[in-house]
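**Q** Have a look at the structure that comes next, please.
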Amino acid sequence: MSANLIPLLWEATLQTLWMVAVSSVLGALGGLPLGVFLATSQRGELLGAPWINKILGLVVNATRSVPFIILVVAIIPFTRLIAGTSIGTNAAMVPLTLAAIPFIARLVENAIREVDQGLIEAARAMGATPLQIIARVLIPEALPGITLGLTLAVVSLIGYSAMVGAVGGQGLGDLGIRYGYQRFMPEVMAAVVVILIVLVQLVQSLGEWIAARVDRRAPRNRGL
Amino acid sequence: MTGRAEDAAIIFEGLGKSFPKAGGRVTALEGIDLTVPAGSITGIIGRSGAGKSTLLRMVNGLERPTEGRVTVTGQDVGQARGPALRAIRRNVGMIFQHFNLLSSRTVRGNIALPLQIAGTPGGQIRARVDQLIDQVGLGPLADRYPAELSGGQKQRVGIARALATGPQVLLSDEATSALDPETTQTVLELLGRINRDLGLTILLITHEMAVLRDIATHMAVIEAGRIVESGPTYDIFTKPTHPTTRSFLSGVTGTTLPAFVAGRLQDGPPGDQVIRVTFAGTHATDPMLARLATELGISANILGGAIEEIGTQPFGNLLISVPADQGDRARAFLETHGLTTEVLGHVR
């Protein structure tokens, strides 16, 4: 691999990291509250708003059924409205975030539904309001699951970010397609794949480490 | 279980609960009239599905009655909503069969939860939590997580948590059913101590008669959504009237006939008369059978029995057989000495 490809790979890695980081944070900001709401708003639940729950559930499912590459292209007008442009790394964050929100919402919903109903009952018996139950019981208890869900979402976003080359999004995936595939430079493709594997591995390990740290559901060995 | 309203911690009046179900409604509770005396430990016993859990959950408004009223320290729970209901709940602590502790919080954190919910300032929370940890004897475990505790320790945390906001009433939902017999004893002793020291009214539900025998001052038996018998525990243990009560009692008071006798029991003579003798109060300690032999010359055959304490009062239950022609004399003798007898039948 010639030396002048190194800066190219480095730049593409930074672009990927930047896109994934921003869309993960924005996706979590949107997905966490949405997931909490979905998990607590069915009939008879804490926030009990079954109609809004149904409508939001449909929207989430609809967004999740559109293949990401189609979503990227289909929402170009919306992307232009938000980012001011429809091409480039910043523009690519719009579809990435839009895909991340419902995905994270479902993962958060599942994590919260795993929390023992008995804890909700205990908190109600203490005189807690629904919002107190969510903030002080459901989210802390679901934190290991939420952490693993966010990890999964970040890993998926790394994958998705490879497709945003279609709208000039740059990053590792774009580099791999343009150099590795279109210019027949297999060493670039190999380097891109290796970097992606390392990134995913790092994110996964970090996520699992944090999840284990916040998980107190099983006894832990205490050093003597 | 009657008393003036001001002596009552909880009053159920004509209480009923039914749930909608496909093609009609299912009645869980019907016509419940019960007064829980202030400062008592009142136990409700019933089989699973009898409605005891629903009944308990109406006291803090986790369930709402579809008929009648529940009043807790003078407040109508069924009518209370929002802040009023939450205020009632702070005055009614609750402990659970499966403890329902937050796995993400330490012992200290779990006990602090109801205080945080009530908006107590941080400094006060710390002081109160330390005091509660002391009260239930969890000192060295304050910074442990629930996963690191035994069942009995977890229930102590549950009790401390339930007491945090200084309630007047404690509800116990099968709190000892998931514990081994020894741990059950220590948890019951703690509940008894809290009842005495704090003057707290405890309403508990259980399916174990032994729990009521050990700590309940008053009790009620629930069957298919109705209360079939209620009163002071001692009275019900010594003079049960309903078949369901008798069947619950048979396990704890030695009133079951041994199988080899039960299988051969018939209504009339010939054969020895089988008598159940119930000893209450001080008579439980008198050697009545010895006196039966020395004073009347009747030697009784002991088939089974037990003597135990209900609260602090001794109570015994003995199954004996005597020759058929001496049955009446034996019973008359025992009755004149304050014992209760019942002829169960005759056996060859």
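**Q** Among the residues of segment B:121-147, write down those that are within 14 Å of chain A (Cβ to nearest Cβ) and free of Cβ contacts under 8 Å to residues at least 24 places away in the same chain.
**A** Those that are within 14 Å of chain A (Cβ to nearest Cβ) and free of Cβ contacts under 8 Å to residues at least 24 places away in the same chain: B:I125, B:P140.
**Q** Here's another thing I want to ask about it. Can you confirm whether segment A:128-146 contains a residue that is more than 22 Å from A:S205 (Cα to Cα) and more than 14 Å from chain B (Cβ to nearest Cβ)?
**A** No, segment A:128-146 has no match at all.
**Q** Restricting to segment B:78-90, name every residue that is touching a Gly at 6+ places or on another chain (Cβ under 8 Å) and either within 30 Å of B:E148 (Cβ to Cβ) or within 12 Å of another protein chain (Cβ to nearest Cβ) (or both).
**A** Correct list: B:A80, B:L85, B:R86, B:A87, B:I88, B:R89, B:R90.
**Q** When you check A:E114 against the structure, is it more than 14 Å from chain B (Cβ to nearest Cβ) and acidic (D, E), yes or no?
**A** Working: more than 14 Å from chain B (Cβ to nearest Cβ): no; acidic (D, E): yes.
It is false that A:E114 is more than 14 Å from chain B (Cβ to nearest Cβ) and acidic (D, E).
**Q** Report yes if B:D143 is at negative phi, surrounded by fewer than 20 Cβ atoms within 10 Å (Cβ to Cβ) and out of contact with any Lys or Arg (no Cβ under 8 Å at 6 or more places or on another chain), otherwise no.
**A** no
**Q** Can I ask one more? Among the residues that make up segment A:76-99, is at least one of them out of contact with any Asp or Glu (no Cβ under 7 Å at 6 or more places or on another chain), charged (D, E, K, R) and either touching a residue at least 60 places away in the same chain (Cβ under 8 Å) or under 20 Å from A:L150 (Cα atoms) (or both)? Let's see the steps before the verdict.
**A** Going residue by residue through segment A:76-99, those that are out of contact with any Asp or Glu (no Cβ under 7 Å at 6 or more places or on another chain) are A:76-99.
Still in the running and charged (D, E, K, R): A:80.
Okay, now just the ones that are also either touching a residue at least 60 places away in the same chain (Cβ under 8 Å) or under 20 Å from A:L150 (Cα atoms) (or both), so none.
Among the residues of segment A:76-99, not one is out of contact with any Asp or Glu (no Cβ under 7 Å at 6 or more places or on another chain), charged (D, E, K, R) and either touching a residue at least 60 places away in the same chain (Cβ under 8 Å) or under 20 Å from A:L150 (Cα atoms) (or both), which makes the answer no.
**Q** While we're here: So which of B:G61, B:G93, B:G109, B:G78 is assigned to a strand (DSSP E or B) and not β-branched (V, I, T)?
**A** B:G93
**Q** A further question follows. Can you find a residue that is open to solvent by 10 Å² or more (accessible area, probe 1.4 Å), more than 14 Å from every other protein chain (Cβ to nearest Cβ) and touching a Gly at 6+ places or on another chain (Cβ under 8 Å) anywhere in segment B:151-158?
**A** yes
**Q** Additional query: If you take just the strands (runs of 3 or more DSSP E) that sit entirely in segment B:183-242, which of them hold at least 2 residues that are open to solvent by 30 Å² or more (accessible area, probe 1.4 Å)?
**A** Strands (runs of 3 or more DSSP E) meeting the threshold: B:218-223, B:226-232.
**Q** Can you find a residue that is open to solvent by 40 Å² or more (accessible area, probe 1.4 Å) and hydrophobic (A, V, I, L, M, F, W, C) anywhere in segment A:108-129?
**A** No.
**Q** Would you call B:L296 out of contact with any strand residue (DSSP E or B) (no Cβ under 7 Å at 6 or more places or on another chain) and at pLDDT 80 or above? Walk me through how you get there before you give the answer.
**A** Numbers: out of contact with any strand residue (DSSP E or B) (no Cβ under 7 Å at 6 or more places or on another chain): yes; at pLDDT 80 or above: yes.
The answer is yes for B:L296.
**Q** Does B:S103 count as under 30 Å from B:A147 (Cβ atoms), at pLDDT below 90 and not aromatic (F, W, Y)?
**A** no
**Q** Select from segment B:31-72 the residues that are within 14 Å of chain A (Cβ to nearest Cβ) and open to solvent by 10 Å² or more (accessible area, probe 1.4 Å) and list them in ascending order.
**A** Scanning segment B:31-72 gives B:S53, B:T54, B:R57, B:L62, B:E63, B:R64.
**Q** Looking at (1) open to solvent by less than 40 Å² (accessible area, probe 1.4 Å); (2) in contact (Cβ under 8 Å) with a residue 60 or more places away in the chain; (3) closer than 21 Å to A:V167 by Cβ; (4) among the β-branched types (V, I, T), which is the only condition A:V73 fails?
**A** (1)
**Q** May I ask you to say which residue of B:F315, B:F260 is out of contact with any Lys or Arg (no Cβ under 7 Å at 6 or more places or on another chain) and over 30 Å from B:D33 (Cβ atoms)?
**A** The conditions single out B:F260.
**Q** Select from segment A:11-55 the residues that are open to solvent by 20 Å² or more (accessible area, probe 1.4 Å), free of Cβ contacts under 8 Å to residues at least 40 places away in the same chain and in contact with a Pro (Cβ under 8 Å, 6 or more places away or on another chain) and write down the one among them that is nearest to A:I101 (Cα to Cα).
**A** Per the stated criteria, the residue is A:Q42.
**Q** If you don't mind, another one. Evaluate segment A:176-186: report whether one residue or more is within 14 Å of chain B (Cβ to nearest Cβ), charged (D, E, K, R) and without any contact (Cβ under 8 Å) to a residue 40 or more places away in the chain.
**A** No, because not a single residue in segment A:176-186 is within 14 Å of chain B (Cβ to nearest Cβ), charged (D, E, K, R) and without any contact (Cβ under 8 Å) to a residue 40 or more places away in the chain.
**Q** One residue is enough: does segment B:94-113 have a residue meeting the conditions open to solvent by less than 40 Å² (accessible area, probe 1.4 Å), touching a residue at least 40 places away in the same chain (Cβ under 8 Å) and more than 13 Å from chain A (Cβ to nearest Cβ)?
**A** Scanning segment B:94-113, I find no residue that is open to solvent by less than 40 Å² (accessible area, probe 1.4 Å), touching a residue at least 40 places away in the same chain (Cβ under 8 Å) and more than 13 Å from chain A (Cβ to nearest Cβ), so the answer is no.
The values are calculated or read from the model by the stated rules, or taken from the named source; none is laboratory data. Since the model is a prediction, treat every value here as computed from it, not as a measurement. Methodologically, a virtual Cβ is constructed for each residue, glycine included, from the backbone with ideal geometry; neighbour enumeration extends over all protein chains shown. These area figures cover heavy atoms from the full protein model, side chains too; ligands, DNA and RNA do not enter into them. Shrake-Rupley method; radii C 1.70, N 1.55, O 1.52, S 1.80 Å.
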